[in-house]
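Engineer: Dropping a structure here in structure tokens format, bear with me for questions.
The values are calculated or read from the model by the stated rules, or taken from the named source; none is laboratory data. A quick note: this is a predicted structure, and the numbers were derived from the prediction, not measured. Virtual Cβ from ideal backbone geometry, glycine too; neighbours counted across all protein chains shown. All accessible areas refer to the heavy atoms of the entire protein, side chains included, with ligands and DNA or RNA removed. Shrake-Rupley method; radii C 1.70, N 1.55, O 1.52, S 1.80 Å.
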Amino acid sequence: MNFIRKFAVGAAVATISLTVAGASFAADITGAGSSFINPVLSKWAEGYKAATKNIVNYQSVGSGAGIKQLLAKTVVFGATDKPMSDADLEKNGLAQFPMISGGIVVTYNIEGVKPGELVFDGETLAGIFLGKITKWDDPALKKLNPDVKLPSSPISVVYRADGSGTTFNFTNYLSKVSPEWKEKVGSDTAVQWPVGFGAKGSEGVSTTVAQTAGSISYVEYSYVVANKMGYSKLKNAAGKVVEPTLDTFAAAAANADWKGSKNFNVIVTNQPGDKTWPIAASTWVVLYKQPADKALNDGALDFFKWAYEKGQKDATALNYVAIPEAVSKVVMESWKKDFGTK
Amino acid sequence: MVDATNGADFSRVDVASITKTFKLQDRIFFFMTLASAALVVLMLLAILVVLVIDALPTFQTFGLSFLWGTVWSAPTDHYGAVPAVLGTLISSLIAMLIAVPLSFGIAIFLTELCPGSLRRPIGTAIELLAGVPSIIYGIVGLFVLVPLMQLYILPFLIATIGQVPVIGYLFQPPAPGVGLLTASLVLAIMVLPFITAITRDVFLTVPPMLRESAYGMGMTTWEVARNILIPYTRRGLVGGVMLGLGRALGETMAVTFVVGSVTRLQASIISPSTTISAQIANTFGEADGLQLSSLIALGLLLFILSFCVLALAKWMIGRSDSF
């Protein structure tokens, strides 16, 4: 009995002290979704906590699962690599805006070909992933790379086995440059690939490409940098050959028509501009327009405002591209209408 | 109290009320154990109900054609179960073909032939093998087995069996290392300790008299295993094999790493493929709407499949009673 009484008193004291502690800070701002944005969002959350003492708690569970949690109202914001449709936003009373950009790079492992040596254009890339171009010395590849000695070995196509925003953006690009791809395969976080085989996660893709001679795949830029993988240049929509760099990714985000689009629903693949990298990707943040807890929602918006204004350096350090200032101004302007911020 | 222990005065003890207390205690105990047992059944039913409800949109959209559909395409929102179900069945079947003879061999060695000093270490090694987490098998499979398969084993199979008519059809490229056969090998290693442990234990239940008589009559070890051990323990062996099969059917992590995740239908057993559990593990996080429902429908099929395996095992055990 004595033990139980002691325990009850202890629990009561703990509850009271927790309540007091909770009152002195605002509740945590919770979010869930895209794993693409996770490294930079975590970094921002650290900086934001140091600056304001407010805590942002993000679960990197995948875009689809993040939206599911948002709809179940277990988190304040969701983050997704695939923008929500106008109808879905309307139906659930949500608003979205782009938070970060990055580049997706075509990677390869061909004996005797160095990183950065190869050039692809949209049509040949679609041909390879459709299974129409099956050897590395195909005339189409030779024509694009007259100075590179290409072997006659078969091409092994590797793709992301798990559903991912990277796959969504890559297949979105192929759909834009190849009508045949659009008709036969289409674009989503996972598709039925006509050739090749899958590897799990970006790490799995990196490992598999390194292990498989004659392989080609696509992966986020930071993995190519970290693992010193082979990467290609690409011919963009303006017909110029560009290198994958943070500058060309930024050009893609800057040249996209954010202002003219409803709900910022722009996929930044195959965008215009001489310097534009053709396969860029963005992550959107989704919030309720009329949230149950307005203070928390405003807290989240304050965090994103901080990230737009002070977070560029963190983004660059992690090989991401911050949303250009011109675009973030448009976004914050839209908050007045969507969330009633001042 | 002192009086009672001396056994002198029973008249002060109310026998009826004590019996009543005991009866009540027994009843409470009965209902508590009943509740524990009922929880298992309820849980099973709850899982089934949730699976059926969440899978309903898929069956409403595709009807039963989901069961023989061969396309799995999120952009067109069209889903069929055949590639994943077939991959699950074939990979488990090959794994059993490899693991069962090996397990029986190990068990016979351990119970009949092994010198006493080796028995403990080998037995412990097998038990440790059973305790290795499946993610480890996945990683070792991806980093060690896949390159070996890609560079040596699969090219050899294509050059030899691949050239034989009819059977050769099952050994055709593409063979990038990951694939059904690789997954089957990993599965075989994973189920090996389970089948071995059960097989060894049931072999040990054979009465020494039977065994000694057989040896005494001049039987060889092979004849003892063939004519005494296996027939005598048939029920337990079937149980062990089915337990291994159940594990192989549902194994997720290790298979996801090495199966190659291809949802196209292919005849070759060395080419990349997919299984139900790998398909779910890969695409569940990003799936929504009809795709999510179809993944749950796949889960329901796996549930039914495992149930059938278990039912079949029970039936076979029942039949072998009459031997």
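Engineer: Quick one: if the Förster radius is 30 Å, what FRET efficiency do A:GLU46 and A:ASP88 give, using the C-beta to C-beta distance and rounding to 0.05?
Structural biologist: About 0.40, to the nearest 0.05.
Engineer: Quick test of the membrane-span-like rule: which DSSP H helices of chain B reach at least 18 Å along their long axis (C-alpha atoms) with mean Kyte hydropathy at least 1.0?
Structural biologist: On the way: long enough: B:15-62 (69 Å, 1.58); B:82-108 (38 Å, 2.18); B:116-131 (24 Å, 0.45); B:180-204 (35 Å, 1.97); B:234-250 (24 Å, 0.67); B:289-320 (47 Å, 1.68).
Membrane-span-like by this criterion, though nothing is claimed about a membrane: B:15-62, B:82-108, B:180-204, B:289-320.
Engineer: Also: For A:ASP137, what accessible surface area do you get with a 1.4 Å probe? Give it in Å², rounded to 10.
Structural biologist: 40
Engineer: Using the basic label-point model (7 angstrom from Cα toward the beta carbon), what is the B:TYR152 to B:LEU56 distance in nanometres?
Structural biologist: In this crude label model, B:TYR152 to B:LEU56 measures out at 5.5 nm.
Engineer: Determine the distance separating the Cα centre of region A:185-236 from the Cα centre of region B:161-213; give it in Å without decimals.
Structural biologist: 33
Engineer: Fully extended, how many nm does the chain gain between B:LEU128 and B:LEU44 (0.36 nm per residue separation, minus their Cα-Cα distance)? Let's see the in-between values first.
Structural biologist: Values: separation 84, 0.36 × 84 = 30.24 nm, distance 2.99 nm.
Going from the current span to full extension adds 27.3 nm.
Engineer: Another question about this same structure. Over the heavy atoms of B:THR283, what accessible area does a 1.4 Å probe trace out, to the nearest 10 Å²?
Structural biologist: Accessible area of B:THR283: about 10 Å².
Engineer: Step through the table entries A:LYS53/A:LYS313; A:LYS114/A:LYS142; A:LYS262/A:LYS313; A:LYS135/A:LYS233; A:LYS53/A:LYS310; A:LYS143/A:LYS235, compare each Cα-Cα distance with 24 Å, and write down the pairs that go over it. Could you put the intermediate results ahead of the total?
Structural biologist: Working: A:LYS53/A:LYS313 20 Å; A:LYS114/A:LYS142 16 Å; A:LYS262/A:LYS313 29 Å; A:LYS135/A:LYS233 19 Å; A:LYS53/A:LYS310 16 Å; A:LYS143/A:LYS235 13 Å.
Going by Cα-Cα distance, A:LYS262/A:LYS313 fall outside the 24 Å limit.
Engineer: Additional query: Relative contact order of region B:66-318: what whole-number percent is it, with Cα pairs under 8 angstrom and at least 6 residues apart? Intermediate results must be reported in sequence, preceding the final value.
Structural biologist: Details: 359 pairs, mean separation 72.8, N = 253.
With pairs under 8 Å counted, the relative contact order is 29 percent.
Engineer: Working from Cα positions, state the angle (0 to 90°, nearest 10) between the long axis of helix A:165-177 and the longest principal axis of chain A.
Structural biologist: Around 40 degrees separate the two axes.
Engineer: Can you check what the net charge comes to around B:PRO57, using other residues whose Cβ is under 12 Å from the Cβ of B:PRO57 (Lys, Arg +1; Asp, Glu -1)? Write down the numbers at each step before the final one.
Structural biologist: Numbers: positive: none; negative: B:ASP54, B:ASP77, B:ASP288.
It works out to a net charge of -3.
Engineer: Still on this structure, please answer the following. Between B:LEU243, B:LEU118, B:LEU204, where does the largest GNM mean-square fluctuation fall for chain B, given springs only between Cα atoms within less than 10 Å?
Structural biologist: Top of the fluctuation ranking is B:LEU118.
Engineer: Compare A:THR245, B:THR196, B:THR220 by solvent-accessible area with a 1.4 Å probe and give them largest first, with all protein chains kept in place.
Structural biologist: On the way: A:THR245 50, B:THR196 5, B:THR220 70 Å².
The ordering from most to least exposed comes out as B:THR220, A:THR245, B:THR196.
Engineer: Report the gain in length on full extension from A:ASP28 to A:SER261: 0.36 nm times residue separation, minus Cα-Cα distance, nm rounded to one decimal.
Structural biologist: Numbers: separation 233, 0.36 × 233 = 83.88 nm, distance 3.22 nm.
That works out to 80.7 nm of additional length.
Engineer: Related question: Name the long-range amide H neighbours of A:PHE97: under 5 Å, sequence gap of 5 or more, or other chain; modelled H, no Pro or chain starts.
Structural biologist: Under 5 Å from the amide H of A:PHE97 lie the amide H atoms of A:VAL285, each far enough along the sequence or on another chain.
Engineer: Same structure, new question: With unit charges on the beta carbon (Lys/Arg positive, Asp/Glu negative), name the residue among B:ILE167, B:MET242, B:TYR137 whose Cα is farthest towards the positive pole of the charge dipole of region B:66-318.
Structural biologist: Final value for the positive-end residue is B:MET242.
Engineer: May I pose another question? At a Förster radius of 22 Å, what calculated FRET efficiency corresponds to the Cβ-Cβ distance of B:THR160 and B:LEU93, to the nearest 0.05? Intermediate results must be reported in sequence, preceding the final value.
Structural biologist: Details: r = 22 Å, r/R0 = 0.98.
Using R0 = 22 Å, I get an efficiency of 0.55.
Engineer: Give me the three principal axis extents of the protein assembly as shown from the C-alpha atoms, as integers in angstrom, largest value leading.
Structural biologist: 101, 79, 50
Engineer: Let me ask something additional. Taking the full set of protein chains and a 1.4 angstrom probe, give the accessible area of B:GLU112 in square angstrom, rounded to the nearest 10.
Structural biologist: 40
Engineer: If you place +1 on the Cβ of every Lys and Arg and -1 on the Cβ of every Asp and Glu, how big does the dipole about the Cα centre of the protein assembly as shown come out, in debye to the nearest 20?
Structural biologist: Working: 51 positive and 46 negative charges, 83 e Å.
Using Cβ point charges on Lys, Arg, Asp and Glu, the protein assembly as shown gives about 400 debye.
Engineer: Per-residue ellipticity at 222 nm for chain A, helices alone: DSSP H runs ≥ 4 residues times -39500 (n - 2.57), over residue total, nearest 500 deg cm²/dmol? Don't skip to the answer; put the middle values down first.
Structural biologist: Numbers: 14 runs with 154 residues, N = 342.
Counting only the DSSP helices, I get -13500 deg cm²/dmol.
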